[in-house]
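A short worksheet on the structure shown next.
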Amino acid sequence: MKARVTVTLKNGVLDPQGKAIEGSLGSLGFEGVEGIRQGKVFDLELADRTDAQAKADIEAMCEQLLANTVIENYSIELL
Amino acid sequence: MKSAVILFPGSNRDRDMIKALEQISGQSVATVWHTETELPEAELYVLPGGFSYGDYLRSGAIAARSHIMPALKAAADQGRHVLGVCNGFQMLTEAGLLPGALMRNASLHFVCKEVMLETTSTNSAFTSHMEKGKVWRCPVAHHDGNYFADAETLKELEGEGRVAFRYADGTNPNGSLNDIAGITSAKGNVLGMMPHPENLIEDLQGGLEGRALFESVMQSLAA
């Protein structure tokens, strides 16, 4: 089974990389981009298990390694 | 003072640290590979600078979950002293031994230069024999040194005198909150700092300013 984890910066945490990307889009002529936050995506392939078990396992992976919960939020999607 | 340096794949300031510790303590320094699960007897354990695991995922994140870490946490809980410099500081925050996180420099650039540091607290063994308020020169070399913590944590660090070093004279190279360059744990036995005092300990390196920190911790632990 497949799953996707998306890790994003928490509100209030500055994202200088997002700011730089925003500036670059502006210089390419894209107008009206009012904000960009850069994040990370992890695509996981897991040996079969129930959806509930998969969610619980991935949540543990996020808490222990994939996200730094001091600065990041995560969301889990089973695909 | 007996000390040990923990080595990770991608560490590159480990030899600088070992040399500084040997030169200043006059004792040989133990080294520990990250796959070990027990630490040798020592009064000070050091996580050196570098780019452990190529900074993959987040700087220090993978090293912070390596096999030696439970032993280091246990040693810190027992009051042993732990110093993390640069990548070592990043590991200490990732491992939860120090609060907050070290984010990409605000400039987005890797910075390798000298900054001015103010010793802002002499509460811990690391700084108790240093001069409070003194401003000294120290090299930095990092890409992720932008210290962040939530408002409550920051207030706690400031209120408890746990900001050991602050960038001074407008030399903050990374945009860290409150110009924080180094912090200590609640008990004061864990210090993490981005600058490299081990790189300013002999004349060949252009100065001796980094020695005071090592001398302080040695004097404190000898007392």
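Cβ-Cβ under 8 Å, sequence separation 6+ or interchain: first residue in the stretch B:138-159 and within 12 Å of chain A (Cβ to nearest Cβ) and under 13 Å from B:Thr184 (Cα atoms), partner part of a strand (DSSP E or B) and among the polar types (S, T, N, Q). Which pairs?
Filtered contacts from the stretch B:138-159: no entries.
Here are B:Arg211, B:Arg162, B:Arg166: which of them is of a type in the set (Lys, Arg) and either closer than 23 Å to B:Glu22 by Cβ or touching a Pro at 6+ places or on another chain (Cβ under 7 Å) (or both)?
On inspection, the qualifying residue turns out to be B:Arg211.
Taking B:Lys113 as meeting all but one of (1) more than 14 Å from B:Gly192 (Cα to Cα); (2) at pLDDT 95 or above; (3) within 14 Å of chain A (Cβ to nearest Cβ), write down the number of the exception.
If we test B:Lys113 against (1) more than 14 Å from B:Gly192 (Cα to Cα); (2) at pLDDT 95 or above; (3) within 14 Å of chain A (Cβ to nearest Cβ), just (3) comes out false.
Working only within the stretch B:50-65, note down all residues that are among the basic types (Lys, Arg) and surrounded by fewer than 23 Cβ atoms within 10 Å (Cβ to Cβ). Lay out the reasoning, then the answer.
First, pick out the residues of the stretch B:50-65 that are among the basic types (Lys, Arg): B:58, B:65.
If the condition is that a residue be among the basic types (Lys, Arg) and surrounded by fewer than 23 Cβ atoms within 10 Å (Cβ to Cβ), then B:Arg65 is the only one that fits.
Just one of (1) in contact with a Leu (Cβ under 7 Å, 6 or more places away or on another chain); (2) within 12 Å of chain A (Cβ to nearest Cβ); (3) surrounded by fewer than 16 Cβ atoms within 10 Å (Cβ to Cβ) trips up B:Trp33, so point out which.
Looking at each condition in turn, B:Trp33 falls short on (2).
Given the structure, is B:Leu92 within 13 Å of chain A (Cβ to nearest Cβ) and either in contact (Cβ under 8 Å) with a residue 24 or more places away in the chain or of a type outside the set (Val, Ile, Thr) (or both)?
yes
The values are calculated or read from the model by the stated rules, or taken from the named source; none is laboratory data. As the structure is a computational prediction, the values presented were derived from the model and not from experiment. Glycine also receives a Cβ, built like all others from the backbone with ideal geometry; neighbour counts cover every protein chain displayed.
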